[in-house]
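*Asks:* Structure incoming, see below.
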Amino acid sequence: MPEATTAAEPAAQPTRASEVMQKTDAAARMLGMVIERNEPGDAVVSMVLRDDMMNGFAITHGGLVFTLADTAFAYACNEDEHVTVAQGAEISFLASSKAGQTLTAHARRVVRSGRNGIYDVTVTSDDGTRIAEFRGRSFATSKTV
């Protein structure tokens, strides 16, 4: 008996809220962030590190690593037409990075219950080094786009 085949699942499409955000996110554009994947509950954002992103010790400023992770979190948690914002977030820095490297933040939904969600983001460098782990807590507002 021949093996059953199924059509491949179509890739999830960005939501209206994340599409609006992508068009108007001046901070991400200024930092040169690239949205690699933008799906409900799952987003990947990358950024090439420039000299002006380094701190006084010639390593990436932690605030910029946080900003990259926070941006991936924002795209992942805007899963429908409701504007979803951060309630809080924390980050653990695991390794340093330097100018010329590309950092990639992969955000994934852990849980979404009612208007609240938890998302984990792993930031890695282009050589595979784990740079940071970020956990964000989201709140879906009543505002829609």
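*Asks:* Would you kindly derive the ³J(HN,Hα) couplings of segment 24-36 from the backbone phi angles with the Karplus curve 6.51 cos²θ - 1.76 cosθ + 1.60 (θ = phi - 60°), listing them in order in whole Hz, with x for Gly and Pro?
*Replies:* With coefficients 6.51, -1.76 and 1.60, one gets 10, 7, 5, 5, 4, 5, 4, 8, x, 5, 10, 7, 7 Hz.
*Asks:* Gain in length, Thr144 to Arg37, computed as 0.36 nm per residue apart minus the alpha-carbon separation, to one decimal in nm?
*Replies:* The span from Thr144 to Arg37 would gain 36.3 nm if fully extended.
*Asks:* I would also like to ask the following. Test of understanding: what is the full-extension gain from Lys98 to Ala26, defined as 0.36 nm times their sequence separation minus their Cα-Cα distance?
*Replies:* Numbers: separation 72, 0.36 × 72 = 25.92 nm, distance 2.35 nm.
Stretched out fully, the Lys98 to Ala26 stretch lengthens by 23.6 nm.
*Asks:* While we're looking at this one, here's another question. Where in segment 48-145 are there trypsin sites (Lys or Arg not before Pro) that are in a DSSP coil and have at most 15 other Cβ atoms within 10 angstrom of their Cβ?
*Replies:* Arg50, Lys98, Arg115
*Asks:* Pop out the carbon and sulfur fraction of the accessible area of segment 37-145 as a percent, whole number, probe 1.4 Å.
*Replies:* Working: 2580 of 5160 Å².
In segment 37-145, the share of accessible area belonging to carbon and sulfur is 50 percent.
*Asks:* How far apart, in nm, are the 7 Å Cα→Cβ label points at Val48 and Asp120?
*Replies:* Reported label-point gap for Val48 and Asp120 is 3.2 nm.
*Asks:* Follow-up question, since we're still on this one. May I ask for the longest run of the chain untouched by GluC sites (Glu not before Pro) that are loop-located per DSSP and have at most 15 neighbouring C-beta atoms (other than their own) within 10 Å?
*Replies:* Free of exposed loop sites, the longest segment is 4-80.
*Asks:* Past the 16 angstrom mark, what percentage of all C-alpha to C-alpha distances in segment 42-126 do you count?
*Replies:* 52 percent
*Asks:* How many Å² of accessible area per residue for segment 98-145, probe 1.4 Å?
*Replies:* Result: 52 Å² of accessible area for each residue.
*Asks:* Something else: Beyond 25 Å, what percent of the Cα pairs of the chain remain? Spell out each step's value before the answer.
*Replies:* Values: 3152 of 10440 pairs.
Considering the chain, 30 percent of its Cα-Cα pairs are separated by more than 25 Å.
The values are calculated or read from the model by the stated rules, or taken from the named source; none is laboratory data. The structure presented is a predicted model; accordingly, all values stated were derived computationally and were not measured. Heads up, the Cβs are rebuilt from the backbone with ideal geometry, glycines too, and the neighbour counts pull from every protein chain shown. Protein only, heavy atoms only, side chains kept; ligands, DNA and RNA dropped before computing areas. Shrake-Rupley method; radii C 1.70, N 1.55, O 1.52, S 1.80 Å.
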